[in-house]
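Trainee: Following this message is one structure expressed as C-alpha cells.
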Amino acid sequence: MTDVLYPEIDPLESGLLPVGHGNTVYWELSGHPAGSAALYLHGGPGSSLGSGRYRRLFDPARYRIVGLDQRGCGRSRPLAIDALDRLADNNTNALIADIEVLRRHLGITRWVVVGVSWGVTLALAYAEAHPERVSRMVLGAITTTSREEVDWITGSIGRIFPEAFERFAEDSKRRDGERIVEAYARRLAGDDVADRIAAARAWNDWESTHVSLDPNWSPITARFDEDEARAFATLVTHYWAHDGFLRKGREILAGTDRLAGIPAVLFHGRRDIGSPAVTAYRLHQQWPASRLIMLPEEGHGGPVMAAAMRRALDET
C-alpha cells in the first residue's frame, strides 16, 4: 500500500524568465518561502510541469519548491515547434545554464535536486557541472541518455513489440545509414508542416507502445494536446538523436567522480522495460554516496515510486 502524497497546493509566485537567444522559461515557486530550496526537473525531453502534481512530493511546510518548464516546452516560450530555426540553441548545456540563471534569479545558494526520467539525466548533468550547488538528490526512473539507452528504446526493444516496431521503422522514412531516431529528428525539424505532423504522430504512437507494459501506462494522447505532443516529439528526437548532447567524454557515467560528495537516493522500477534497471545499477555502482532502491511493482514511475520519493524527501 502506498503512502498518501501531500495535499495539492498552488504556486506562491511564477513568471517567465529571459535566458538568452530570445527564449524565456516558465518558473514557479511553492511551499514555504523560507524553507529548504528544492528544484524539480520534469521528464521528456519536451514534457512540462503539467498540472503541478510534482509539488505533492514535498512537505510544503519545509520546502521552498522550485519548478520550471524546460526551454521550448510547456509554458516556456517560444515552443520548439514555433522556433525550429533556434533548435540548435536547445541542448543540455543550455538547459544547465537556464537552471543557473533561475537559481541566481531566486537568490538560492544550494538546493536539493529532484528529477524523474529525462529529468534524472538533466539533474545528473547539472550536478556534474555544478556540484557545489547541489546538497542532495532524489531521483526516480533512472536514465543517463547514453547511446546504448537510446538505441535500446528506438531499436532493440522492437523484439518485444515486432508489429509496432515494423510500422515505426517504416514510418520513419529513414535514409541509407540513418538511425531511426535521426530520421524522425530530421523530419520533425523540417520545412514540410504536414510531414512534421505525420512524423510526430508516428513517433508518439511508438512512445505509447513501448510504455504499454508499464502498470501505470497511459497513451501520449491522454497526456498532451496536439501542440504539446508535437513539441514533445520534436524535442525528444532532437535530444535522443544527439545522445542527450552528452557525447565524447561528457557521458554521465564518465563524470560520476564529480558527484562524490553529493548524497542521493535512486529509485527504479523493476518493470521499466523502456529504461532497463542496468542503467540505475551502473550509476549506483560508480556513485558510492548513492543508495539504490528497486521497486518490483513499478515501471517507469507511478504511485509507489512517488510515495517512496516523498518519504526520501521527508528524511532530508
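Trainee: How about the stretch 70-102: which of its residues are in a loop (DSSP other than H, G, I, E, B) and surrounded by 22 or more Cβ atoms within 10 Å (Cβ to Cβ)?
Mentor: Hits for the stretch 70-102 are Gln70, Arg71, Gly72, Cys73, Gly74, Ser76, Asn90.
Trainee: Find all pairs meeting these conditions: Cβ atoms under 7 angstrom apart; at least six residues apart or on different chains; first residue within the stretch 86-111 and closer than 18 Å to Leu16 by Cα; second residue among the hydroxyl-bearing types (Ser, Thr, Tyr).
Mentor: Ile96/Tyr126; Ile99/Tyr126
Trainee: Let me ask something else about it. Cβ contacts < 7 Å: first residue of a type in the set (Asp, Glu), restricted to the stretch 1-21; second residue surrounded by fewer than 11 Cβ atoms within 10 Å (Cβ to Cβ) and modelled with pLDDT of 95 or more, any location; separation 6+ or different chain. Result?
Mentor: The qualifying pairs do not exist here.
Trainee: Can you go through Ser36, Ser14, Ser51 and tell me which one is crowded, with 19+ Cβ neighbours inside 10 Å and of a type in the set (S, T, N, Q)?
Mentor: None of the others qualify; the one that does is Ser36.
Trainee: Further, regarding this structure: When the stretch 204-261 is examined, which residues are found to be closer than 15 Å to Gly46 by Cα and surrounded by fewer than 16 Cβ atoms within 10 Å (Cβ to Cβ)?
Mentor: The answer is Thr221, Asp225, Glu226, Asp227.
Trainee: Return yes when Gly67 is out of contact with any Cys (no Cβ under 7 Å at 6 or more places or on another chain), modelled with pLDDT of 95 or more and assigned to a loop (DSSP other than H, G, I, E, B) and no when it is not.
Mentor: no
Trainee: Of everything in the stretch 259-296, what is closer than 28 Å to Gly155 by Cα and hydroxyl-bearing (Ser, Thr, Tyr)? Give them in sequence order.
Mentor: The answer is Ser275, Thr279, Tyr281.
Trainee: Does Ala164 fit the bill of being more than 17 Å from Ser117 (Cβ to Cβ), assigned to a helix (DSSP H, G or I), small (Gly, Ala, Ser) and in contact with a Phe, Trp or Tyr (Cβ under 9 Å, 6 or more places away or on another chain)?
Mentor: yes
Trainee: Moving on. Mind listing whichever residues of the stretch 8-35 are under 21 Å from the mean Cα position of the chain (by Cα), closer than 19 Å to Ile81 by Cα and either of a type outside the set (Ser, Thr, Tyr) or at pLDDT below 95 (or both)?
Mentor: Across the stretch 8-35, the qualifying residues are Leu16, Val19, Asn23, Val25.
Trainee: All but one of (1) more than 17 Å from Ala38 (Cα to Cα); (2) under 17 Å from the mean Cα position of the chain (by Cα) hold for Asp151; state the number of the condition that does not hold.
Mentor: Single failed check for Asp151: (2).
Trainee: Let me ask something else. Taking interchain pairs and intrachain pairs at least six residues apart, which have beta carbon atoms under 6 angstrom, with the first residue in the stretch 291-316 and in the same structural domain as Ile273 (by TED's automatic domain parsing) and basic (Lys, Arg) and the second outside any strand (DSSP E or B) and modelled with pLDDT of 95 or more?
Mentor: Arg310/Leu5; Arg310/Leu57
Trainee: Further, regarding this structure: Name every residue in the stretch 267-307 that is assigned to a strand (DSSP E or B), more than 15 Å from the chain's Cα centre (by Cα) and surrounded by 17 or more Cβ atoms within 10 Å (Cβ to Cβ), in order of residue number.
Mentor: Gly269, Ser290, Leu292, Leu295, Gly299, listed by residue number.
Trainee: Next question. Can you name the condition, by its number, that Asp82 falls short on among (1) in contact with a helix residue (DSSP H, G or I) (Cβ under 9 Å, 6 or more places away or on another chain); (2) charged (D, E, K, R); (3) over 16 Å from Val236 (Cα atoms); (4) free of Cβ contacts under 8 Å to residues at least 24 places away in the same chain?
Mentor: It fails just one condition, (3).
Trainee: Sticking with this one: Sort through Ser30, Ser47 and tell me the only one that's of a type in the set (Ser, Thr, Tyr), in the same structural domain as Ala308 (by TED's automatic domain parsing) and not in a loop (DSSP other than H, G, I, E, B).
Mentor: Of the residues listed, the single one that is of a type in the set (Ser, Thr, Tyr), in the same structural domain as Ala308 (by TED's automatic domain parsing) and not in a loop (DSSP other than H, G, I, E, B) is Ser30.
The values are calculated or read from the model by the stated rules, or taken from the named source; none is laboratory data. The structure displayed is predicted, hence computed values, not measured ones. Note: ideal-geometry Cβ built from the backbone for every residue, glycine included; neighbour counts use all protein chains shown.
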